[in-house]
């Protein structure tokens, strides 16, 4: 049984983490932290946890966390994460960091996009990036894993195989993303009040969203050459879900089926990516750790559609997937109940 | 042309007021106030007003307001309203107050429910309550009008005629209200973040909502005897709209048609109350100054359904209706375009 | 391993059933039926099942179902359910019926409310009603279980203990219910189009909703005396969730805490009912088999708030709960992952 | 007073037309048609019109329409529109056609995209396309006007000036559109049921949406050279609104301000297009005839954001704007109350 601490337990990703971990047979949540007065019970912070987890939110030092827990999920804001993680690691705690602090390889790029100096720059570049569909092997050894951004995850899962296969050009790529409001966090802001964003669609952070360098860094690694994108996210009136429509110039004349085959081959053994023929909806993935992907060809472009639940496959779910790999558990534990039987049914399907 | 000031121009009711008044042929908005740094242009506070109103939000003293404007709509929070209104009145400005400060007749009841001492208690009891369907005559003379609360308006329009007609008992009344999130205002609060209230229904302020004494005071005046209610509001995932389902014990054996007739008679000459046979939806009244009402009889109870748009008939619309009456304009000005023709078509209908 | 058939697999409750059963270690879905041309794959009917269940929807005779399956969940419309269930039972298949066909004890009441003659009236009255919090013992033996209506479930769980404890009167009860649109089914109807019900609240089936006699029958059984209610449901713009606000006259002077204690005592050993101090939201129960309940006292009335997810605790979840009891599995199997640990944490909490 | 008939009065665009025309001082609705049994009153078809329009929906022949009305708005489905319009015109009725039947210049393109033979091909090419910001002069003379598609309108208003000014290339253009569900019409379809599209975003008609040839035809006319686009619409969980994010390669090195100036110059005298500095939301235009536009430059591309209310500026509003021009009324009549004052305030602003 791995003893788990969740740092920054008041947000939406933390809530989702708790719900997933409650069903994990090898994990026990032993501490939840928050900087709130009066050490509120986690149930009063998240009423949906009533009767499910008997812990209060504490304002713990890293040493106290490491004393109680073997493993920490860190959902603190950027800057705060890298302030505590070195101490956790030093004290022997393994960590999945859901903040962006360890995702970028270059401290100067981090400082340019996040506007703060990185306080733990030596780990940048060597920290394992938590994309299990690509770097599962590296994850097994990792002490610290940088959990991917939710947009990046959808983009990379959708476009990565086509870039790796040189089906599409590394430049001239347009990424038009649509996301639900939970992606903006749980801190009160006028922009995310219900009457502001209900019945409305709007672009935000045009050409300056902080996941831009992350998307390009990861795609560049996968493509083996510099990748350049135009990434525009849009806020959509729903709780959860990201759908990325990616327009990438084809390198040569291919048809849809060849691209679908490329994707299917890439994800043949991956339990959480579903390459589908139909046009997927975010709702197909709601509450699951699946990423649904399809592709169309039109006027010299691959049009990739990739969608997922930003709080699960885009945050807490992939975090647990990384945790499973780091700890040697089955990758699907707590994320895909009945997974063994699904596999079987697929295999029997193939046998026919 | 009446020169208008809008005090507290950053909220949802103020935005709705501005939109209505922009189409009012006898009104000109000359000042909008807000306590914000840097005197932001009203368009940056409300982007939907782009190109429509060329004013900046100023932090004006009452004397400055009264100098520029003949008439003020006050959408300040409770307590702040009654701090500035005496000065406005003294300086010759007429006022519709959208705050609750002048709605209750009794300062001690105000203090009990609002938790603050009333700073202008002598006007309580003599201020005209802005319910044009009942007290139109008094409104014509008024210098200060207390605009009704949005729940109160729906409840009183629905139940008032049945109480006045002694069709229902004054006690044992249950009011189950459902309202959209704009009713909770535009200040950032976790409770009204999109991901908190979307896909959810919840009761709030059970048995202690501040419009409870207002509802009972107004119903008591209309009934001519003490009225007692159980009033429970619920937050519903929509921007706008209030629907009140009111369960009131019948005093005698009547049928639905008799009660519908009672309502139709009461509202025969009232342009903004529509007594309908079907079950109304809040959407039928969305963006309008209408209140739609119907009634059913079942097991000794009248079940009244009354709905309206909380920002229009529940706030800004009725405020302009009151303004029209106070200034001697046609009651429907800026609220019901083409009203003259509607009347005519109804009359010709009657003639047949 | 119990072999499961799902009859009428195209609707929302069936989809939820499939998702829950996919994670059930003792259940295997072997057949899904639908009257659709061309035997569509279940994945094309429900895209969210992509890769999860490799079955086509077949138009099977009862005998064919019984040959393949040990157990059937029947989600057919009323009338169709009771047309096939006798044959399933005769062929040795055990059944949970999610239709209303076997809920009422009296065929004439059924015919009055549903407008059709019941074709299997002899089973009425002897069929076990699937309310595990009250009749768990009877469920263990049952061959056929009538799964409760979603409104009824919320009402009975909320009000039942207070009626049984004679805290509230059996008459004069008002039930104001709010429900999400999935409760209206998946057949295309103008009333449930997105632009019709979004941004709107409306009452429906006022005083003639078909669960009215079911609610009164079950409450009467629990109270031991005739119970009479006024039940008004409202459609709310959300996918899922039912919240019932129940106003019941108190029989005597009690306070909130006494009523909360009554509820807590009644549900002490029940894993899926959470008696809470705070005002619950439907979202607290979204996607779970929980029913959250609280109560307030005001002006001689108990005001009970009960909420649940209409597709889970209101349909598919309670159906699996019934299935678990019928088959001798732990009641929480597939419904509350990590349930054993939750219990433990509660017990240790009590020990302090 | 122009006597108006509305053909096909049961849909959302027709409802919006009626609401706008009710406030038009020079228009009187004299007939509404629908193929429904029993000639339902328009109020029972659209409950929000209660008390506003005393007409029943009739199944009228073209001759009957032309006898009663001077002007017809035709909101019939494609194919049906061009079946009745020739007779209406022959009988002296002027027409704005909201269907796509007369938008394309080439009958073979129509047949290819709509799958039916055009029954009135001789009018194609000579019918005036109802885009008042570009072809106001032609509209004044027109007997028949083809009202633009809602996507086309947003795209053309956003991109047209940059193409006309040769700021962007005519090829390599990506149009990623997001639209509310009312755009899919009011006929019951599973795809537009609330529980299907709520809490979900999905692409549809990828690379084969029927407005594709319309968009390219109109842009080609404005650019003076062949324009080619990739147009992908997405369904978003809201009632109304279209937001188009348009990615177009720049022809040369320009900055944002130059492009904003281009747009401002183009729309200097146009009352319904607002070129804004901020990133607009569909909500800013909700219920109005405004189209809000901005532009950004990034990595060699212009990124144009254009949004409007699909039922107003995208359908009924522009139809009335066209009607106003055709009849010689002020362009803003019934569409922008208080328009004269807005103009004045803008001019006085400029004077400072």
Within segment B:91-102, identify whether any single residue is more than 19 Å from the chain's Cα centre (by Cα), outside the structural domain of residue B:214 (by TED's automatic domain parsing) and not in a loop (DSSP other than H, G, I, E, B), and answer yes or no. no
Could you look through segment B:177-191, keep only residues that are under 21 Å from the mean Cα position of the chain (by Cα) and facing another protein chain (nearest Cβ under 7 Å), and pick out the one that is nearest to residue A:47 (Cα to Cα)? B:181
Helices (runs of 4 or more DSSP H) wholly in segment C:242-352 with at least 3 residues that are at pLDDT 95 or above and in the same structural domain as residue C:97 (by TED's automatic domain parsing) - which ones? C:317-327
Out of segment B:71-90, which residues are assigned to a loop (DSSP other than H, G, I, E, B) and closer than 26 Å to residue B:219 by Cβ? B:75, B:77, B:78, B:79
Count of residues meeting criterion [more than 9 Å from chain D (Cβ to nearest Cβ) and not in a strand (DSSP E or B)] in segment B:50-70: 12
Does any residue of segment A:195-215 turn out to be in a strand (DSSP E or B) and touching a helix residue (DSSP H, G or I) at 6+ places or on another chain (Cβ under 6 Å)? no
Take residue D:300 and decide whether it is surrounded by fewer than 23 Cβ atoms within 10 Å (Cβ to Cβ) and away from chain B (no Cβ under 14 Å). yes
Report the residue count in segment D:25-43 for those that are outside any helix (DSSP H, G or I), under 22 Å from residue D:99 (Cβ atoms) and within 12 Å of chain B (Cβ to nearest Cβ). 3
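Rundown of residues vs (1) surrounded by 16 or more Cβ atoms within 10 Å (Cβ to Cβ); (2) in contact with a strand residue (DSSP E or B) (Cβ under 6 Å, 6 or more places away or on another chain); (3) under 23 Å from residue A:313 (Cβ atoms); (4) not assigned by TED's automatic domain parsing to the domain that holds residue A:322, yes/no style:
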position	(1), (2), (3), (4)
A:49	yes, no, yes, no
A:56	yes, yes, no, no
A:61	no, no, no, no
A:74	yes, yes, yes, no
A:84	yes, no, no, no
A:106	no, no, no, no
A:116	no, no, no, no
A:120	yes, no, no, no
Search segment A:222-245 for residues that are in contact (Cβ under 8 Å) with a residue 12 or more places away in the chain and more than 8 Å from every other protein chain (Cβ to nearest Cβ) and pair each with any residue that is assigned to a loop (DSSP other than H, G, I, E, B) and crowded, with 23+ Cβ neighbours inside 10 Å when their beta-carbon atoms are under 6 Å apart and the residues are at least 6 apart or on different chains. A:242/A:310
Determine whether residue D:238 is buried (at least 24 other Cβ atoms within 10 Å of the Cβ), out of contact with any helix residue (DSSP H, G or I) (no Cβ under 6 Å at 6 or more places or on another chain) and not assigned by TED's automatic domain parsing to the domain that holds residue D:9. yes
Out of (1) closer than 28 Å to residue D:326 by Cβ; (2) over 17 Å from the mean Cα position of the chain (by Cα), the odd one out for residue D:228 is which? (1)
When you scan segment B:130-142, do you find a residue that is touching a residue at least 24 places away in the same chain (Cβ under 8 Å), farther than 22 Å from residue B:271 by Cβ and not in a loop (DSSP other than H, G, I, E, B), even just one? no
Which one of the conditions (1) assigned to a strand (DSSP E or B); (2) crowded, with 24+ Cβ neighbours inside 10 Å does residue C:233 fail to meet, given that it meets all the rest? (2)
Give segment C:303-321 a look and list any residue that's touching a residue at least 60 places away in the same chain (Cβ under 8 Å) and farther than 20 Å from residue A:337 by Cα, or say none. C:304, C:305, C:306, C:307, C:308, C:309, C:310, C:314, C:315
So residue D:208 fits all but one of (1) at pLDDT 95 or above; (2) surrounded by fewer than 22 Cβ atoms within 10 Å (Cβ to Cβ); what number is the exception? (1)
Considering each of D:332, D:251 in turn, give the residue that is away from chain B (no Cβ under 11 Å), within 30 Å of residue D:28 (Cα to Cα) and surrounded by fewer than 24 Cβ atoms within 10 Å (Cβ to Cβ). D:332
Residue under evaluation residue A:65, criteria (1) surrounded by fewer than 23 Cβ atoms within 10 Å (Cβ to Cβ); (2) over 24 Å from residue A:183 (Cα atoms), criterion not met: (1)
Is it the case, given these coordinates, that residue D:129 is at pLDDT 95 or above and out of contact with any strand residue (DSSP E or B) (no Cβ under 9 Å at 6 or more places or on another chain)? no
Among C:226, C:213, the single one that is surrounded by fewer than 18 Cβ atoms within 10 Å (Cβ to Cβ) and at pLDDT 95 or above is C:226
Here the residues within segment B:11-47 that are surrounded by fewer than 18 Cβ atoms within 10 Å (Cβ to Cβ) and under 24 Å from residue A:193 (Cβ atoms) are B:35, B:36, B:37, B:38, B:39, B:40, B:41, B:44
If you go through segment D:65-83, how many residues are within 18 Å of residue D:323 (Cβ to Cβ) and touching a helix residue (DSSP H, G or I) at 6+ places or on another chain (Cβ under 6 Å)? 5
Applying the selection to segment C:263-278, what residues are buried (at least 20 other Cβ atoms within 10 Å of the Cβ) and in contact (Cβ under 8 Å) with a residue 24 or more places away in the chain? C:263, C:266, C:271, C:272, C:273
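The values are calculated or read from the model by the stated rules, or taken from the named source; none is laboratory data. Worth saying up front: this structure is predicted, and the values here are computed from it rather than measured. Using ideal geometry, Cβ is built from the backbone for each residue, glycine included, and neighbour counts are taken over all protein chains shown.
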